[in-house]
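Notes for the one structure printed next.
Rule-based calculations on the coordinates, nothing more; no lab input. Bear in mind the structure is a predicted one, so any value in this text is a computation, not a measurement. Methodologically, a virtual Cβ is constructed for each residue, glycine included, from the backbone with ideal geometry; neighbour enumeration extends over all protein chains shown.
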Amino acid sequence: MDVVAAVFARGGSKGVPRKNLRRVGGSSLLELAIWHAQECSGVERVIVSTDDEEIADVARGAGAEVPWLRPAVLADDSSREWEAWRHLVSWMGEHGPLPSVLLVVPCTAPLRLPSDLDLCVEACMEPGVDVAITVTESSRSPWFNMVTLDLSGNASLVLEPRSPISRRQDTPMTFDVGTVGFAVRPSFVMSNDGIYEGMVRAVTVPRERSLDIDDELDLVIAEALLARRETGSVVP
């Protein structure tokens with residue numbers, strides 16, 4: 001099983017400036033993603049796709065390859081990361097055989113374990129599977145306690161159930177898609193326009209390992225959870 005891990009790390013970020021270089025537990029989110037990828041079974045190399053010179057330098061220092069700087073057109077706020085995935089897969093195809101699996105390791109999930117990524121790769125290698133994603137059980141249900149608001153501020157359920165539901169436990173289980181990791185067949189990336197065009201297998205990850213860094217509060221929470229893990233207060 002040959003696996004190439006990839007970390008996609010733009011220099012820009014709206015919610016948290018220079019987010020990929022922000023630190024949790026003394027290390028940058030970028031370094032943590034690279035180290036998690038390096039510890040995965042079957043990973044032969046870790047490649048970082050970035051448009052930023054400083055990120056490139058930090059990535060090389062952490063042991064990753066940075067063969068080029070990503071074109072600006074693939075690195076602005078409106079760019080689809082899927083196109084950056086294609087850019088990398090295309091480059092790999094021009095410089096040798098493609099791996100069986102591309103393991104995408106986002107910088108924004110610093111509390112993951114390498115074993116979570118191993119499970120993604122294993123799921124992607126199952127017959128017929130094109131992509132493996134990580135999910136966490138939702139704390140809210142679109143059939144019960146998630147609403148939309150109209151222009152007057154009136155609330156309506158996101159999804160109207162066929163019959164009234166009085167307990168959340170009676171609703172279908174829903175899951176949040178996380179950023180712990182994505183494992184994908186490279187050929188699928190090149191021939192499709194998005195994850196859900198293929199057979200998608202889900203790997204469930206506990207909430208304490210799937211925190212997604214989106215704002216400053218998330219960084220505070222990540223520090224607290226990591227400290228608790230290191231003292232044994234949270235069992236990974």
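Taking the chain as the reference, fit the longest principal axis to its C-alpha atoms, fit the long axis of helix 114-124 to the helix C-alpha atoms, and give the angle between the two in degrees, 0 to 90, nearest 10.
For helix 114-124, the angle is close to 90 degrees.
Angle, helix 81-94 long axis vs. longest principal axis of the chain, Cα atoms, 0 to 90°, nearest 10?
Taking Cα atoms only, the helix is inclined about 30 degrees.
For Phe8, which sequence-distant residues (separation of 5 or more, or a different chain) have an amide H within less than 5 Å of its own amide H, given hydrogens modelled in the peptide plane?
Residues meeting the criterion, in which the H sits 1.01 Å from N, are Ser49, Val105, Cys107.
Sort the following peptides by mean Cβ neighbour count (other Cβ atoms within 10 Å, averaged over residues), highest first: 29-42, 206-219. Mind dumping the intermediate values first?
Numbers: 29-42: 21.9, 206-219: 17.1.
Sorting 29-42, 206-219 by mean packing, highest first, produces 29-42, 206-219.
Which value in deg cm²/dmol, rounded to the nearest 500, describes the helix-derived mean residue ellipticity at 222 nm for the chain, given -39,500 (n - 2.57) per DSSP H run of n ≥ 4 and division by the residue count?
Dividing the helical sum by the residues of the chain leaves -8500 deg cm²/dmol.
Apply the Debye scattering formula to the chain, with a single equal point scatterer on each alpha-carbon and no solvent, then give log10 I(q)/I(0) at q = 0.15 Å⁻¹.
Here the Debye-derived log intensity ratios amount to -1.07.
Would you pull out the residues with amide H under 5 Å of Ser141's amide H, same chain only if 5 or more places away, H placed 1.01 Å from N?
Amide H neighbours of Ser141: Met146.
At a 10 Å Cβ-Cβ cut-off, how would you order Met92, Met173, fewest neighbours first? Write down the numbers at each step before the final one.
On the way: Met92 19, Met173 8.
Least to most surrounded, the residues fall as Met173, Met92.
Which chymotrypsin sites (Phe, Trp or Tyr not before Pro) does region 132-195 hold that lie in a coil by DSSP with at most 15 other beta carbons within 10 Å? Can you show the working numbers first?
Numbers: sites: Trp143, Phe144, Phe175, Phe182, Phe188; in loops: Trp143, Phe144.
Here no loop site has a sparse enough neighbourhood.
Taking 0.36 nm per intervening residue step and subtracting the Cα-Cα distance, what contour gain separates Ser166 from Leu149 on full extension?
4.0 nm
Classify region 2-42 as rounded, prolate or oblate, taking a ≥ b ≥ c as the square roots of the eigenvalues of its Cα gyration tensor: rounded when a/c is under 1.5, otherwise prolate if a/b is larger than b/c and oblate if not. The partial results should precede the final answer.
Working: a/c = 4.56, a/b = 1.75, b/c = 2.60.
Since a/c reaches 1.5 but b/c is at least a/b, the shape of region 2-42 is classed as oblate.
Assuming R0 = 22 Å, can you tell me the calculated FRET efficiency for the pair Glu83 and Glu54, based on Cβ-Cβ distance, to the nearest 0.05? Present the calculation step by step, with values, prior to reporting the outcome.
Values: r = 23 Å, r/R0 = 1.04.
Calculated transfer efficiency: 0.45.
Gaussian network model of the chain, Cα springs within a sub-10 Å range: biggest mean-square fluctuation belongs to which of Glu94, Glu83, Glu65?
So, out of Glu94, Glu83, Glu65, the one fluctuating most is Glu94.
Taking 7 Å along the Cα-to-C-beta vector as the label spot, tell me the Glu223-His95 distance in nanometres, rounded to one decimal.
A separation of 3.7 nm, rounded to one decimal place.
Pull out the extension gain between Ser41 and Leu159, defined as 0.36 nm times the separation in residues minus the alpha carbon to alpha carbon distance; nm, one decimal. Don't skip to the end; give the middle numbers.
Details: separation 118, 0.36 × 118 = 42.48 nm, distance 4.07 nm.
Going from the current span to full extension adds 38.4 nm.
Which angle from 0 to 90°, rounded to the nearest 10, does the C-alpha axis of helix 29-38 make with the longest principal axis of the chain?
Taking Cα atoms only, the helix is inclined about 70 degrees.
For region 1-52 and region 162-181, what is the separation of their Cα centres, given in Å?
31 Å
Over region 53-195, what is the relative contact order in percent, taking alpha-carbon pairs closer than 8 angstrom and at least six residues apart? The partial results should precede the final answer.
Working: 156 pairs, mean separation 44.4, N = 143.
31 percent.
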